[in-house]
Amino acid sequence: MPQTDPALLQRLAELFAARDRDDMAPTVQALLAVLAEHPDDPHVLYEVGGAYDTSGEEQTAAGYYERALHAGLDGDTLRRCLLQYGSTLRNLERFDESLAALDRAVELFPDSESVRVWHALSLHAAGRSDAAVAELMEVAADRIRTPDLLRYEAAIRGNAEYLRSLDRA
């Protein structure tokens, strides 16, 4: 897969930094202009998807995320795209597809708290509340390393496994 030119990545970062979440139209237009110059670049496709997502146009965003994934993302951009794509699919009530995207993200990026939290959101939206709470409890046990919580770590993990077993049943 060809690498994205660092100058293009910088241009994308500048457009992202300048966005106004309350008025995404200028950002969308600027990114569409970049896309016209680089129609197959996965990073450009991802950023266009993100801009449409932020502007509330989830259906359009999903198509750009799909194209970005097929064009070949890797590293942190792949993690962010899978998370955002899964979230967008959840918002579109495409729960099985949302969970598939987020399952892939969890598999590829098991240490990402954000991926695991969004995975829990999609589990909950899909009617799997026990598994969602279990996932959040495990994130807490893995990442909140305070004496207060560490005292109960075994109990937290045991309860998380119990909830997960209810989801499997």
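The values are calculated or read from the model by the stated rules, or taken from the named source; none is laboratory data. Computed from a prediction, not measured in an experiment: that's the story for all the values here. Positions of Cβ are backbone-derived with ideal geometry, glycine not excepted, and every protein chain shown enters the neighbour counts.
A few comments on the model shown:
- Residues of segment 16-39 classified as within 20 Å of R67 (Cα to Cα), of a type in the set (A, V, I, L, M) and in contact with a helix residue (DSSP H, G or I) (Cβ under 9 Å, 6 or more places away or on another chain), total: 6
- Number of residues in segment 108-160 that are farther than 18 Å from R90 by Cα and hydrophobic (A, V, I, L, M, F, W, C): the value is 14.
- Options A125, A169; residue that is free of Cβ contacts under 8 Å to residues at least 12 places away in the same chain and either of a type in the set (A, V, I, L, M, F, W, C) or closer than 27 Å to Y65 by Cβ (or both): A169
- There is at least one residue in segment 84-99 that is among the β-branched types (V, I, T), closer than 30 Å to E138 by Cβ, within 12 Å of the chain's Cα centre (by Cα) and buried (at least 20 other Cβ atoms within 10 Å of the Cβ).
- Of the listed requirements (1) surrounded by fewer than 19 Cβ atoms within 10 Å (Cβ to Cβ); (2) modelled with pLDDT of 95 or more; (3) out of contact with any Pro (no Cβ under 9 Å at 6 or more places or on another chain), R67 misses just one: (3).
- Inspection of segment 70-80 identifies no residue that is surrounded by 22 or more Cβ atoms within 10 Å (Cβ to Cβ) and either hydroxyl-bearing (S, T, Y) or at pLDDT 95 or above (or both).
- The one condition in (1) within 27 Å of A125 (Cα to Cα); (2) touching a His at 6+ places or on another chain (Cβ under 6 Å); (3) not acidic (D, E) that R79 fails to fulfil: (2)
- When the residues of segment 5-40 are filtered to those that are of a type outside the set (A, V, I, L, M, F, W, C) and in a helix (DSSP H, G or I), the one that is farthest from L92 (Cα to Cα) is P6.
- Hits in segment 16-64 - residues which are under 11 Å from C81 (Cα atoms) and either of a type in the set (G, A, S) or at pLDDT below 95 (or both): G49, G50, A61, A62
- With a requirement of 2 or more residues that are within 19 Å of E107 (Cβ to Cβ) and without any contact (Cβ under 8 Å) to a residue 40 or more places away in the chain, the helices (runs of 4 or more DSSP H) lying completely within segment 41-91 that satisfy it span 58-71, 75-91.
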